[in-house]
Structure formats: structure tokens, C-alpha cells
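No lab work stands behind these numbers, since they all come straight from the coordinates. Since we're looking at a predicted model, the values are computed, not measured. All Cβ positions, even for glycine, are placed from backbone atoms using ideal geometry, and neighbour counts span all protein chains on display.
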Amino acid sequence: MALLETHEIEVFYGDFQAVFGIDVSVEEGETVAIIGANGAGKSSFLNALAGITPSKPDAITLDGKPVGGTPAYEMVKKGIALVPEGRKLYPSLTVEENLLIGADGKTVDRGWNLDEIYRLFPILKERAKQMSTTLSGGQQQQVSIGRALMANPKVLLCDEISLGLAPTIVKDVYAAVKEIQARGTTVLLVEQDLSAALGAADRVYCFMEGRVTLTGRPDELTKDQIQHAYFGMS
Ligand code: ATP
């Protein structure tokens, strides 16, 4: 049994359907990436897992138990924490205050605390008392990842953590994802930056127009397969 599974999950915005019956599974300790073009339904899918957009109870299982439709503040307590698209830091709070807010979702200690976050991202310790808005984009992304880790999740969801960052900074952010996985945290990420996603993931799913068009290990997939699955071209 996989740690996290979706079963024919659907996402609607009113009458508009963004996700059409998707099955994804994530094993404990894995890093899984969802790739796909703008509007493919990646964020809608991830937001359903985080409890931000509604889903049916049986559509999501965590450790085999149905958790679909659980509101976000409860989902994090069950073990699913989200690094949202665009970081969404609290601008009126310091770096450390932003991190500490993440601990509100903690119900079990899986080894993540302020010291461990500062070990992962040493610059944040130096900037701990600064307002989060004074940090660079890459540093703000570190705070957003750290805040989600402070909940000590079973699964860390990351939505487009490369967005708006220079290529060298994207490399640093993804080196941190490797380190997070090495410390035992399972990661499910959504990413438009193909090389970042393929470099970080044990397995990838490609979404197009709300459906899975390809799945496999990065080393098994050809460029042509990915291009076809991504854009629908032959
Ligand atoms: P992006 O990288 O642009 O975020 P994505 O793959 O994450 O793309 P989604 O953001 O999940 O895709 O969007 C999937 C579809 O759902 C799109 O057609 C989008 O316009 C629509 N959509 C997303 N959010 C909403 C919303 N709040 N209300 C209505 N439609 C929405």
C-alpha cells in the first residue's frame, strides 16, 4: 500500500472541471513530480490533496485511510503540508515567526524543528529576526518550505518552487529537496521546470488537460514521450 494515493480524483470549480479522474500513488520515502503545461490541472490536483479545493472522501487515501475533503487546517494535522505556489509568506512577520506558524500543524515529531530548518537553510538563521519581505526570492522560498516542514508532515507538497527564481537558485532549492528526502520526508511536487523535476524525482506523472498522459521513472522516459505527453504533439 502506498503512503498517499488518489483514486479517480476530480476537481471542479463550479461547473468547470479541471481534473478528470486521476490516479497517483506516492510510496513512503519517494519524491514524485507532476509535470505539465500551464492549466494542465497540477495546482488544482495539489490543492485538493492539501484540502484547499474539495474532493470526495475516498478520492484521497493516506496510509490507506480516506482523507479526501478534509479541510486544509485538518489535512496538515493528518500529515499533508503544502508549500503553496507563490510562497504566500506572512509579510508582517519575521522569518522565524513565519516558520513558527508552520508548527501549528504539528501533531507528531518527525524530526523537523527550528534547529533542523536552520541546518537545512543556514541563511535563515542569520535572517531570523528580519521581516520575511526583506529576503531574496530564493530565501523566501526557503522560508515557505521550512514553514511547511515545521508541521512535520508525512508528505510535503511543493507547488512550483522554482517559480521566478534564477537557474542557479533553482538548483539550490532542488538540492534542498534532495536533502529533505534524504532525511526521510516523502515529497510530491508540481513543477513546470522540466529539468528540475526530472532531476529531483524518482517518478514523474505528466498531466495534460486534467488527465495523466504519461508516468514513469525519469531515466525510462524519452524526450519524445515527454514532449508528446506535455503538449499533445506527435
Ligand atoms: P499553472 O501552472 O498555470 O498553475 P496548472 O497545471 O497548475 O497550471 P491549474 O492552475 O490547476 O493548472 O488550472 C487548471 C484549470 O483550472 C485551468 O483551466 C484554470 O483556468 C482552471 N482554474 C484554476 N483555478 C480556478 C479557479 N479558482 N476557478 C476557476 N477555474 C480555475
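Of K65/K154; K56/K178; K78/K129, which ones are farther than 23 Å apart at the Cα? List each step's numbers first, then the result.
Numbers: K65/K154 14 Å; K56/K178 32 Å; K78/K129 30 Å.
Cα-Cα > 23 Å for K56/K178; K78/K129; rest within.
The alpha carbon centroids of the range 27-73 and the range 100-125 are separated by 23 Å. Computed extension length for Q192-A37: 55.1 nm, one decimal, from 0.36 nm per residue of separation with the Cα-Cα distance subtracted.
Evaluated at q = 0.08, 0.13 Å⁻¹, a Debye calculation over the C-alpha positions of the chain (equal weights, vacuum) places log10 I(q)/I(0) at -0.27, -0.73. If both residues of a DSSP beta bridge must be in the chain, then about 50% of such bridges are antiparallel.
Here's the picture: charge each Lys and Arg Cβ at +1 and each Asp and Glu Cβ at -1 in the chain, and of V187, G164, P54 the one pushed furthest to the positive end of that dipole is G164. Taking other C-beta atoms within 10 angstrom as a stand-in for reagent exposure, I226, I34 fall in the order I226, I34, fewest first. Mean-square fluctuations from a GNM of the chain, with a 10 angstrom spring cutoff on Cα atoms, peak among I60, I169, I35 at I169.
Each label was represented as a point 7 Å from its Cα along the Cα-to-Cβ direction; for V108 and D58 these points are 2.5 nm apart. Summarising the label geometry, the points placed 7 Å from Cα in the beta-carbon direction at R119 and T133 lie 3.4 nm from one another.
The mean sequence distance of close C-alpha pairs (under 8 Å, at least 6 residues apart), as a share of the length of the chain, puts its relative contact order at 26 percent.
When a footprinting reagent is the concern and you count Cβ atoms within 10 Å, what order do S132, S43 take, fewest first? All intermediate terms of the calculation are to be shown ahead of the outcome.
Details: S132 24, S43 21.
With the sparsest Cβ surroundings first, the list reads S43, S132.
Exposure proxy check: R211, R127 ranked by fewest other beta carbons within 10 Å?
Least crowded to most crowded, the residues run R211, R127.
Placing +1 on the Cβ of each Lys and Arg and -1 on the Cβ of each Asp and Glu in the range 2-231, which of V32, V173, G14 has its Cα farthest towards the positive end of the resulting dipole? Projecting each Cα onto the dipole axis, the largest value belongs to V173.
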